[in-house]
Amino acid sequence: MSDSHTDALLLGPRGRRLCMALAQRHGEVWEALFHAAHDPADREKRGVLVRLLGELDPAGVVAEAGASGLMNALGDSTDAAMYWQEPDEEDCLLAAPDIAEALRPLAQAIGDAPWADWWSEAVALHDQAYVQWREEGRDKDRPPPIRGAAQALRKWKAAAVKDERRAQSLPEDPTAAYSGCWWSLPSDAGITVTSRALPRLGAVQLMAVEDGGGWTRARVWPVRTSDDSRIYEVTGPQAWTELVERYPLPVRRSRRHDWWRATGRAAEWYIPDWAAVADDFDAVHLTVLGYLATAGRALDLGLSGTTGEPSATVLAGWDPDTTYWLTDSTAVGRDGSPTDWVLREGDGSEDPDGDEEPVWERLQAPRTERLAGA
């Protein structure tokens, strides 16, 4: 990756957390991070952490982690994302300029690693997969919903507008103890969401999920997409804000309290009007690098609101490398049989606590099922 990609890894809380997740595989760094995060005003503890980070061999750390360790670090960072409360102690500490700068050599080494080559790439149209979580009571046998996207998005928008109207009765004070919708995506619309399949991993989404449910079993469906699909690529903060500005949906009141806690800002909040986006694009893809640089940040917009507060947006609830399919004309279709996966504890490596890192393992192929609408 270029220097600009290194900078991107250090821009956002998720990118910095990824870097530290790799660094703290070394026990001394993990211990120093723990003490500095819980006592950030102690300059001596912060100095110890900075010194230990400087003593690391960045290329060696990344090489030792390998492809699986890098994916585990991405999963750790994604799992730590929280948009309904204040950032945790570690995210707060890593935002400090001296700590972030100490992570720069490691960010550069991550960018140079061959396993991260695809992190800035556009959607892999011929390697897409749909993850169906198989925990009891959670769509155990439902194939990918490849039909009905337009109706689903109309219902989603109607519900979003209704939720925003209902939130008008909530306190104007952003610090009030209220919580509600905090995500930026049509996550509950029931449309198809895919991520790329990797060697020895059925789908990236198996490893990297925001606000996950601790799932340990999944069915992964290979998904065929059209080469003619119109894809909007969210490659970083600018691409995200341009999408919101082009298709703005005001959510000031419904996001006011949660996003205040997550970002410390009160603003005229906006998210994309996904039903309107679907008029121009079949899908929107978030690159891994785009996620790491963008997620969780309050980003300014050039929109004119009605309250005098600045306009802004937050990318929240979107897993890295996932693609939201907004139409079903020719974009998504059936392509082969699904595979079942289970999360096992341990792949031979250890974290600082002495616990083996989890790994997703493919089980014997399940029987083939027809996709909904296929």
Quiz item: What is the log10 of I(q)/I(0) for the chain, computed with the Debye formula using one identical point scatterer on each Cα and no solvent, at q = 0.07, 0.09, 0.10 Å⁻¹?
Solution: -0.31, -0.52, -0.65
Quiz item: How high is the relative contact order of the stretch 129-213, given as a whole-number percent (alpha carbon pairs under 8 Å, six or more residues apart)?
Solution: 42 percent
Exercise. Using DSSP to define loop residues, name the GluC sites (Glu not before Pro) in the stretch 101-207 whose beta-carbon has at most 16 other beta-carbon atoms within 10 Å.
Key: Glu121, Glu135, Glu136, Glu172
Quiz item: What are the residues whose amide H is under 5 Å from the amide H of Ser311, where those residues sit 5 or more places off or on another chain and H is modelled from the backbone?
Solution: Glu268, Leu301, Leu303
Practice problem: Taking the dipole about the Cα centre of the chain, with the C-beta of Lys and Arg at +1 and of Asp and Glu at -1, give me whichever of Ile146, Ala262, Trp341 is farthest to the positive side. | Solution: Ile146
Practice problem: Provide Phe281, Phe34 ordered by accessible surface of protein heavy atoms (probe 1.4 Å), highest first. | Solution: Phe34, Phe281
Practice problem: Would you kindly state how much longer the chain becomes between Ala177 and Glu309 on full extension, computed as 0.36 nm times their sequence separation minus their alpha carbon distance, in nm to one decimal? | Solution: 45.4 nm
Exercise. Name the residue farthest towards the positive end of the dipole of the stretch 161-313 from the options Val223, Gly202, Ser169, assuming +1 on Cβ of Lys and Arg, -1 on Cβ of Asp and Glu, about the Cα centre.
Key: Gly202
Quiz prompt | Rounded to whole Hz, the Karplus (6.51, -1.76, 1.60) HN-Hα couplings of the stretch 29-39, x for glycine and proline | solution = 5, 4, 5, 5, 5, 4, 5, 5, 5, 8, 8
Quiz item: Put a dot 7 Å past each Cα toward the Cβ at Gln238 and Asp112; how far apart are the dots in nm?
Solution: 2.6 nm
Practice problem: Work out how much length Gln168 to Arg246 would gain on full extension: take 0.36 nm times their residue separation and subtract the Cα-Cα distance, in nm to one decimal. | Solution: 25.6 nm
Exercise. Would you compute, from DSSP H runs of 4+ residues alone, the mean residue ellipticity of the chain at 222 nm, taking -39500 (n - 2.57) per run and dividing by the full residue count, rounded to the nearest 500?
Key: -11000 deg cm²/dmol
Self-check item: Segment His38-Ala158, extension gain: residue separation times 0.36 nm, minus the distance between their alpha carbons
Solution: 38.9 nm
Quiz prompt | Fraction of the pair-distance distribution of the stretch 144-205 above 20 Å, Cα-Cα pairs, percent | solution = 49 percent
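The values are calculated or read from the model by the stated rules, or taken from the named source; none is laboratory data. Just so you know, these numbers come straight off a predicted model, no measurement behind them. Glycine gets a Cβ as well: all are built from the backbone with ideal geometry, and neighbour counts include every protein chain shown. These area figures cover heavy atoms from the full protein model, side chains too; ligands, DNA and RNA do not enter into them. Shrake-Rupley method; radii C 1.70, N 1.55, O 1.52, S 1.80 Å.
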